[in-house]
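Chemist: There's a structure below that I have some questions on.
Read-outs throughout are calculated quantities, based only on the coordinates presented, and are distinct from any laboratory measurement. Here the structure is a predicted model, which is why all the values come from computation and not from measurement. Every residue, glycine among them, receives a Cβ derived from its backbone with ideal geometry; neighbour counts consider all protein chains shown.
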Amino acid sequence: MKISVFVGTSLDGFIARLNDDLDFLPAGGGEPHGYNEFIASVDTLVIGRRTFEKVLTFDAWPYGDKRVVVLSSRPVDLSAAVGAVVEQMSGPPAEIVSRLAASGVSNIYLDGGITIQRFLREGLIQRLIITRVPVLIGEGISLFGTLPRDVRLRHIATRHYPSGLVQSEYQVE
Ligand SMILES: NC(=O)c1ccc[n+]([C@@H]2O[C@H](COP(=O)([O-])OP(=O)(O)OC[C@H]3O[C@@H](n4cnc5c(N)ncnc54)[C@H](OP(=O)(O)O)[C@@H]3O)[C@@H](O)[C@H]2O)c1
């Protein structure tokens, strides 16, 4: 089982404004920076309830027919995700991973700030691909949070793009 994060942040480390606005990220995902190749390489997405709610405001469901697991501790109305392959789970991250592994999943794309932080704390993420957008927004929803101990990372590569995107890939040790 491999769990990866592929996320865009402001240079000061925010994944959204406090009101969930993503207007500081390049429109339409910006210039190609590996997202299509990345999403093609995963078999399942695991996203937090707040990310799910944001995605529902997009013009179209962005995940095609990929299996999407929405994490929430309360009932979530999944019917709004028309045409999507979507289900809900909740529980400790390790339990979620075990359930997914038992159903044959091997490559997960994990998304949502709180969600990423919880899995990271449990040592369940293997790869981080973070694309920094050249903007400072001062405040917002943080990608990272407090940790019970340091998380050591191995730098794999840093790629930069003409529009100013800087993407760093790390393996979690
Ligand atoms: N820049 C980017 O690339 C990017 C990527 C993704 C998201 N975003 C933005 O980030 C914001 C959302 O991030 P966020 O940090 O606020 O929240 P989030 O991680 O999307 O969702 C958090 C919620 O997920 C549920 N959850 C997480 N782990 C769980 C578990 N193990 N068991 C049960 N429920 C679990 C909980 O829902 P309940 O409270 O219902 O229990 C929790 O409150 C949105 O604005 C979104 O647009 C940006």
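Chemist: Using a Förster distance of 41 Å, how high is the FRET efficiency between residue 79 and residue 36, based on the Cβ-Cβ distance and rounded to 0.05?
Modeler: 0.90
Chemist: Report, in debye and to the nearest 20, how large the dipole of the chain comes out about its Cα centre when Lys and Arg carry +1 and Asp and Glu carry -1 on their Cβ.
Modeler: Roughly 500 debye, rounded to the nearest 20.
Chemist: A further question follows. Chymotrypsin sites (Phe, Trp or Tyr not before Pro), restricted to the range 1-105: which are DSSP loop and have at most 12 other Cβ atoms within 10 Å?
Modeler: 58
Chemist: Once you sort the root eigenvalues of the Cα gyration tensor of the range 100-161 as a ≥ b ≥ c, which label holds: rounded (a/c under 1.5), prolate (a/b larger than b/c) or oblate (the other case)?
Modeler: Values: a/c = 1.72, a/b = 1.41, b/c = 1.22.
Verdict is prolate for the range 100-161.
Chemist: Next question. For the range 25-101, what size does the Cα cloud have along each of its three principal axes, sorted from largest down, in whole Å?
Modeler: 37, 25, 22
Chemist: May I ask you to give the average projected area over all directions of the convex hull of the Cα atoms of the range 16-173, in nm² rounded to one decimal?
Modeler: On the way: hull surface 39.7 nm².
Orientation-averaged projected area of the Cα hull: 9.9 nm².
Chemist: Who wins for biggest fluctuation among 43, 59, 23 in a Gaussian network model of the chain, springs between alpha carbons below 10 Å?
Modeler: Judging by the Gaussian network model, the answer is 59.
Chemist: Run the simple label-point estimate for residue 166 and residue 20 please: 7 Å along Cα→C-beta, distance reported in nm.
Modeler: A separation of 3.1 nm, rounded to one decimal place.
Chemist: Percent antiparallel among DSSP beta bridges with both residues in the chain, to the nearest 5?
Modeler: Of all bridge pairs located within the chain, approximately 40 percent are antiparallel.
Chemist: Say the dipole of the range 1-60 comes from +1 at the beta carbon of Lys and Arg and -1 at that of Asp and Glu; which of 22, 6, 45 then lies farthest toward its positive end?
Modeler: Positive-end residue among those listed: 45.
Chemist: Which is the longest stretch in the chain that no exposed loop site breaks, taking sites as trypsin sites (Lys or Arg not before Pro) with a DSSP loop state and at most 15 other Cβ atoms within 10 Å?
Modeler: The segment 1-148 is the longest one with no such site.
Chemist: Let me ask another. Residues with amide H under 5 Å of residue 71's amide H, sequence separation 5 or more or different chain, H placed in the peptide plane at 1.01 Å from N; which?
Modeler: Residues meeting the amide H criterion: 47, 48, 49, 89.
Chemist: Please report the projected area of the range 66-135's Cα convex hull averaged over all directions, in nm².
Modeler: With every direction weighted equally, the projected area is 6.3 nm².
Chemist: Could you identify which residue out of 123, 104, 112 has the top mean-square fluctuation in a GNM of the chain using Cα springs shorter than 10 Å?
Modeler: Residue with maximal mean-square fluctuation among 123, 104, 112: 104.
Chemist: In addition: At a threshold of 8 angstrom on Cα-Cα distance, excluding pairs fewer than six apart, so keeping six or more, what relative contact order does the range 60-173 reach in percent?
Modeler: Taking the mean separation of contacting Cα pairs over the length of the range 60-173, I get 21 percent.
Chemist: If you stretched the chain out fully between residue 156 and residue 107, how much longer would it get, using 0.36 nm times the residue separation minus the C-alpha to C-alpha distance?
Modeler: 15.8 nm
Chemist: Rounded to the nearest 500, what is the chain's calculated 222 nm mean residue ellipticity when only DSSP H runs of at least 4 contribute -39500 (n - 2.57) each, over all residues?
Modeler: Details: 4 runs with 32 residues, N = 173.
One gets -5000 deg cm²/dmol as the mean residue ellipticity at 222 nm.
Chemist: With every atom except the alpha carbons ignored, what do you get for Rg and Dmax of the range 18-57, in angstroms?
Modeler: 12.2, 31
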